[in-house]
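Each remark here refers to the structure printed beneath this line.
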Amino acid sequence: MIKILGICGSPRRRSAYTALEEALKGAKNSGEQVETELVELRARKINLCIHCNQCLKKQSDRCTVFQDDMTELYDKFYEADGIIIASPVYEMNVTAQTAVFMDRFRSAWLKGIQEPEFFTRKVGAGITVGGTRNGGQEMTMNAINNFFLTQGMTLCSGGNGMYTGAMLWNPGDGTTRMDDPEGMENAGILGKKVAIMARIMKEANLWNL
Ligand SMILES: Cc1cc2nc3c(=O)[nH]c(=O)nc-3n(C[C@H](O)[C@H](O)[C@H](O)COP(=O)(O)O)c2cc1C
């Protein structure tokens, strides 16, 4: 059984959420044995990383200072075989919710050194949604991809013509849930690929890493 975790960094249940749902549907339809979960960061209490380095000093794979909603999210992240992070584009970057979540993984640094194959086996992919056609989706995707790479995870690209993740455009004032059929199709393909890659990486022989 492959576990695919979707993290939605939007403060609303609107376009990024809809695209992420589509990706998880794609994962379910991949032909793999897949369990999916969609977690919304909105309304969760996640403190800012304060660079106290207590997680590193105590050799903990999670923050030892704040007891907040990250406690549960560390477990979900570490148990998942594939992780898809979806963020709206805010000022050509990820939302604050997404950034705060990613920053709290300083604690994963030691884990990655001590047990490299733990993260190498995990597959990561991003979904970005902007309100304009070329509004910074690629830059936002870079932030998500670089987060996965920092953990030593394996990146999953998109389908044909999708160089990296799924990048969508939801034009207008953002009141519609999603108005980008091509982008939605790409999100579905991305989810499928993440599930297939996650199964392959789970079974891969990484003995000499
Ligand atoms: C503070 C803020 C900044 C934004 N910055 C951008 C931007 O730089 N580029 C862009 O294309 N859209 C931008 N948007 C529009 C959102 O990315 C767009 O409406 C998106 O679909 C929202 O996702 P959601 O429906 O999941 O909330 C911004 C919206 C907000 C509220």
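The values are calculated or read from the model by the stated rules, or taken from the named source; none is laboratory data. The model shown is predicted, which means the values in this text are computed figures rather than measured ones. Glycine gets a Cβ as well: all are built from the backbone with ideal geometry, and neighbour counts include every protein chain shown. Quick note on the areas: whole protein, heavy atoms, side chains included, nothing else; ligands and nucleic acids left out. Shrake-Rupley method; radii C 1.70, N 1.55, O 1.52, S 1.80 Å.
Summary table below
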| quantity | calculated |
| --- | --- |
| Whichever residue in segment 133-152 is without any contact (Cβ under 8 Å) to a residue 40 or more places away in the chain and either open to solvent by 10 Å² or more (accessible area, probe 1.4 Å) or over 27 Å from Ala108 (Cα atoms) (or both) and, among such residues, is farthest from the ligand (Cβ to nearest atom) | Leu149 |
| Subset tally (residues that are open to solvent by less than 30 Å² (accessible area, probe 1.4 Å) and aliphatic (A, V, I, L, M)) for segment 153-169 | 4 |
| Count of segment 48-94 residues which are in contact with a Gly (Cβ under 8 Å, 6 or more places away or on another chain), away from the ligand (no atom under 16 Å from the Cβ) and part of a loop (DSSP other than H, G, I, E, B) | 0 |
| Tally, over segment 153-169, of residues that are of a type outside the set (S, T, N, Q) and more than 16 Å from the ligand (Cβ to nearest atom) | 8 |
| Residue match in segment 102-119 (condition: touching a residue at least 60 places away in the same chain (Cβ under 8 Å) and of a type in the set (A, V, I, L, M, F, W, C)) | no |
| Search result, residues across segment 170-209 that are crowded, with 22+ Cβ neighbours inside 10 Å, more than 16 Å from the ligand (Cβ to nearest atom) and farther than 14 Å from Ile84 by Cβ | none |
| Cβ-Cβ under 9 Å pairs, at least 6 apart or on other chains, segment 10-32 side closer than 15 Å to Ser87 by Cα, far side of a type in the set (A, V, I, L, M) and open to solvent by 70 Å² or more (accessible area, probe 1.4 Å) | Pro11/Ala43 |
| Neighbours by Cβ (under 7 Å, 6+ apart or cross-chain): first from segment 73-91, free of Cβ contacts under 8 Å to residues at least 24 places away in the same chain and within 16 Å of Asp103 (Cα to Cα); second assigned to a helix (DSSP H, G or I) and among the hydroxyl-bearing types (Ser, Thr, Tyr) | none |
| Checking Cys8 against (1) open to solvent by less than 50 Å² (accessible area, probe 1.4 Å); (2) out of contact with any Asp or Glu (no Cβ under 6 Å at 6 or more places or on another chain), the condition it does not meet | (2) |
| Scope segment 95-132; condition near the ligand (Cβ under 8 Å from one of its atoms) and open to solvent by 60 Å² or more (accessible area, probe 1.4 Å); matching residues | Thr132 |
| Leading residue by the ranking (nearest to the ligand (Cβ to nearest atom)) among those in segment 19-45 that are open to solvent by 20 Å² or more (accessible area, probe 1.4 Å) and in a helix (DSSP H, G or I) | Glu21 |
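Results for (1) modelled with pLDDT under 95; (2) out of contact with any helix residue (DSSP H, G or I) (no Cβ under 8 Å at 6 or more places or on another chain), shown as yes or no for each residue.
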{"position": "Arg104", "(1), (2)": "no, no"}
{"position": "Leu110", "(1), (2)": "yes, no"}
{"position": "Pro116", "(1), (2)": "yes, yes"}
{"position": "Arg121", "(1), (2)": "no, no"}
{"position": "Ala143", "(1), (2)": "no, no"}
{"position": "Met153", "(1), (2)": "no, no"}
{"position": "Cys156", "(1), (2)": "no, no"}
{"position": "Asn170", "(1), (2)": "yes, no"}
{"position": "Gly174", "(1), (2)": "yes, no"}
